[in-house]
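In what follows, a single structure is set out as structure tokens and then discussed.
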Amino acid sequence: EQELFNDLIVKSDYCVAGFSYGPQKPFEYVYESENYIERLILISPAFFQTQSSAFVRTQLRYFNVDQEAYVKQFLKNVAYPSKFDLSPYLNLGSQEDLNALLTYVWDADKIREVLDRGVIIEVFLGTQDKIINAEDALAFFDPLVTTYYSKDTGHIQQAKEEKK
């Protein structure tokens, strides 16, 4: 996935980055780590804490009923508004992975603790994201960290391709 976000990721031994479900584990790593970390980059972090428990149950139910159809629609939504083919990057997770993704809660106090240690945190969100409610994520992250809210980009920070 690194090639997808080459322009967003700082090349450094002291930079930690993650995309979508990916930011949860790097954030927890940085929070728990005693190692020097300069920067944490969160690209379209999975942000579902404003969703209802019914939303979570529905997602899990659809996943269990037809994983292939669920993943196909998921990849289409991740790529939107572009038509980027994400199939080479697919790593099908389990129901437990999906539940962890959907129920993770970003903790403002933990973010402040990381910031107090001098770690720079940057969040990238797209206005056309079909995976998360980007406005809810913006409302949460923007008062805490540097947040980039990119017009006309989706979950993978790609804009719709222009017709030639």
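Annotations
- Check on TYR89, open to solvent by 40 Å² or more (accessible area, probe 1.4 Å), under 20 Å from ALA137 (Cβ atoms) and not basic (Lys, Arg): no
- Residues that are touching a helix residue (DSSP H, G or I) at 6+ places or on another chain (Cβ under 9 Å), over 20 Å from LEU40 (Cβ atoms) and small (Gly, Ala, Ser) number at least 3 in none of the helices (runs of 4 or more DSSP H) confined to the stretch 84-164.
- Only one of LEU144, LEU102, LEU125 that is open to solvent by 20 Å² or more (accessible area, probe 1.4 Å) and among the aliphatic types (A, V, I, L, M): LEU144
- Residue selected from the stretch 107-116 under the condition touching a residue at least 12 places away in the same chain (Cβ under 8 Å) and out of contact with any Leu (no Cβ under 9 Å at 6 or more places or on another chain), by the criterion most open to solvent (accessible area, probe 1.4 Å): GLU113
- Exclusive hit being within 20 Å of LEU8 (Cβ to Cβ) and out of contact with any strand residue (DSSP E or B) (no Cβ under 6 Å at 6 or more places or on another chain), set LYS130, LYS72: LYS130
- Within the stretch 60-79, the set of residues being over 12 Å from SER94 (Cα atoms) and of a type in the set (S, T, N, Q) comprises GLN73, ASN77.
- Any hit, the stretch 21-32, residues being at pLDDT below 85, β-branched (Val, Ile, Thr) and under 23 Å from VAL123 (Cβ atoms): no
The values are calculated or read from the model by the stated rules, or taken from the named source; none is laboratory data. In this text the structure is predicted, and so the values were computed from the model without any measurement. Positions of Cβ are generated from backbone atoms using ideal geometry, with glycine treated the same way; all protein chains shown enter the neighbour counts. In case anyone asks, the SASA skips ligands and DNA or RNA and just uses the protein heavy atoms, side chains included. Shrake-Rupley method; radii C 1.70, N 1.55, O 1.52, S 1.80 Å.
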